[in-house]
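Since every read-out is calculated from the coordinates, none of them should be taken as a lab result. Please read all numbers here as calculations on a predicted model, not as lab measurements. Neighbour counts are summed over all protein chains in view; Cβ atoms, including those assigned to glycine, are modelled from backbone coordinates with ideal geometry.
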Amino acid sequence: MSASYQKWLRDKLAKLEAIDCYSAGATPETVAKQIGISPSEIVKLNFNESLFVDRVRQAELVKELADEFDLRLYPEDEIPKFLAKLSGYIGAPENCLVVGNGSDELIDRVVRLFVDQGEVMLSFAPTFSIPKLCVKRQAGEYVTTPLLDNLQLNVKGLRDLFSDKTRLLYLCSPNNPTSTQFKMQDIETVAKAFPGIVILDEAYGEFADYSFVPRLSEFQNMIILRTFSKAFGLAALRLGYAVANPELSKVLSEKAPLPYPVSGFTLRMGSKMLENLDLMKKAAKELVAERGKLIKALNQINGVQAFDSQADFLLVNTQKPADEVNEQLLKRGIMLKKWGKILQYNNCFRVTVGLPEMNKKLIAALKEIQGD
């Protein structure tokens, strides 16, 4: 190995090492081992997963699929078949739909196609972390403005950042981690004024009051992202999709992904879920009902503030320090996503809306910790 090659490799590895990466943090197995309980006893409320989807019925669909699907073959026709069913569900033409290996992968596609070195993606803070990571890998700039104190979109703050280098604007609504769905008028104002492409992430759309999909024709610069990971309960299979005008959809479908970006089994399972929409709709309805009960119960605990939500999770702020509360919860086998300071709120957590028995354990634990 030549000296010049060794130097190039060292420099390259150092540069790659400096790139921030997504970290999922501790797993239920890790926490269970630390506190000496079975992983099945862990109350996992940190990843926004919908546990309301009937697992038994879903497993039956998987078994049906195992008998029908030939894993030895490439999934040559699976995407068109899936998009035909998806079109009926989402109410958009097939040529406006793009399938991806989760909506995260679609974010990465958009960034790779439309952001070059030195160009800018705009967003707000706090929000989902993946877009920032994707932009940094492209040697682009990621620029944000804070949300308003009421957790709504700062329209003026965003518009003040528009420049001739801004290529993408990322709007997550309902927003992760605040659970806020932004005012429709604010999104409309920003999207129509923005000089580039707007990514509107509606991952939690099935739990929210409205979607921009029916209004897509008004926004030729908009790419709406949706997912099967949340309301449909297919987080393990990684199935997402984008809705955009036919020109953008064609580029996203043909110019960025490698062949067969989503497994045939995943696509077929997505079709199964679309054929059994009652499974998702019933689960979403039950989750929304439980969400209201959880917000009410948490707000009755001294020193706990739970905010209204349009997602399958809540933003919660505690009077006691977040580190202390988190440590006490972990000792009880309860996993939340600790955020710490968000705007004027110092001790924030993102809390998945769990099944009733999970939420009861959380409520009891917080009462003990807060001394209520």
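Each Lys and Arg adds +1 at its Cβ and each Asp and Glu adds -1 at its Cβ; summed about the Cα centre, the stretch 1-87 shows a dipole of about 540 debye.
Here the stretch 286-337 is treated with +1 on each Lys and Arg Cβ and -1 on each Asp and Glu Cβ, and its dipole about the Cα centre works out to around 140 debye. Could you compute the FRET efficiency for Glu324 and Phe47, with r as their C-beta to C-beta distance and R0 at 35 Å, rounded to 0.05? About 0.95, to the nearest 0.05.
In the set [x] 142; [y] 132; [z] 174, the label that goes with volume of the Cα convex hull per residue in Å³ computed for this structure is [z].
For the stretch 1-17 versus the stretch 110-172, the spacing of their alpha-carbon centroids is 31 Å.
Stretched out straight at 0.36 nm per residue, the stretch from Asn221 to Arg112 would grow longer than its current Cα-Cα span by 37.6 nm.
Take the Cα of Tyr5, step 7 Å toward its Cβ, do the same at Lys331, and the gap between the two points is 5.6 nm. The dipole here belongs to the stretch 255-324: it is taken about the Cα centre, uses +1 on the Cβ of Lys and Arg and -1 on the Cβ of Asp and Glu, and is about 280 debye. Ordering Ile223, Ser253, Leu294 by Cα displacement along the dipole of the stretch 221-326 toward the positive end leaves Ser253 in first place; charges were set at the Cβ atoms of Lys, Arg (+1) and Asp, Glu (-1).
Straight-line cross-link partners of Lys338 among the lysines, defined as a Cα under 26 Å from its Cα and at least 8 positions apart when in the same chain: Lys33, Lys44, Lys132, Lys136, Lys230, Lys293, Lys296, Lys320, Lys360, Lys361, Lys367. Over all other residues within a Cβ to Cβ distance under 13 Å of Arg167, the charged ones net out to -2, with Lys and Arg as +1 and Asp and Glu as -1. Measuring nothing but how far apart in sequence close Cα pairs (under 8 Å, 6+ apart) lie, relative to its length, the stretch 304-372 scores a relative contact order of 31 percent. For an R0 of 25 angstrom, estimate the FRET efficiency from the Cβ-Cβ distance between Glu188 and Asn245 and round to the nearest 0.05. With R0 = 25 Å, the Cβ-Cβ based efficiency is 0.90. Result for the chain in a Gaussian network model with C-alpha springs under 10 Å: among Leu225, Leu161, Leu252, the largest mean-square fluctuation is at Leu161.
For the stretch 55-275, the residue among Val120, Leu71, Val213 whose Cα projects farthest onto the positive side of the dipole built from Cβ charges is Val120.
Descending by average beta-carbon neighbour count within 10 Å, the peptides 286-299, 163-176 line up as 163-176, 286-299, the highest first. Pull out the extension gain between Glu275 and Arg137, defined as 0.36 nm times the separation in residues minus the alpha carbon to alpha carbon distance; nm, one decimal. This chain segment gains 45.8 nm when fully extended.
Once you have the Cα-Cα distance between Ile37 and Gln370, take 0.36 nm times their residue separation minus that, and quote the gain in nm to one decimal.
Extending this stretch completely gives an extra 117.5 nm.
Taking all Cα pairs closer than 8 Å and separated by 6 or more residues, the relative contact order of the chain comes to 22 percent. Tell me which of Pro174, Asn95, Ser129 sits at the most positive position along the dipole axis of the stretch 79-199, charges placed on C-beta atoms (Lys, Arg +1; Asp, Glu -1). About the Cα centre, the residue reaching furthest to the positive side is Asn95.
For the stretch 55-275, the relative contact order works out to 27 percent when only alpha carbon pairs closer than 8 Å and six or more residues apart are counted.
Is the C-alpha gyration tensor of the stretch 48-107 telling us rounded, prolate or oblate? Criteria: a/c under 1.5 is rounded; beyond that, a/b larger than b/c is prolate, otherwise oblate. Oblate is the answer for the stretch 48-107, as a/c is 1.5 or above yet b/c matches or exceeds a/b.
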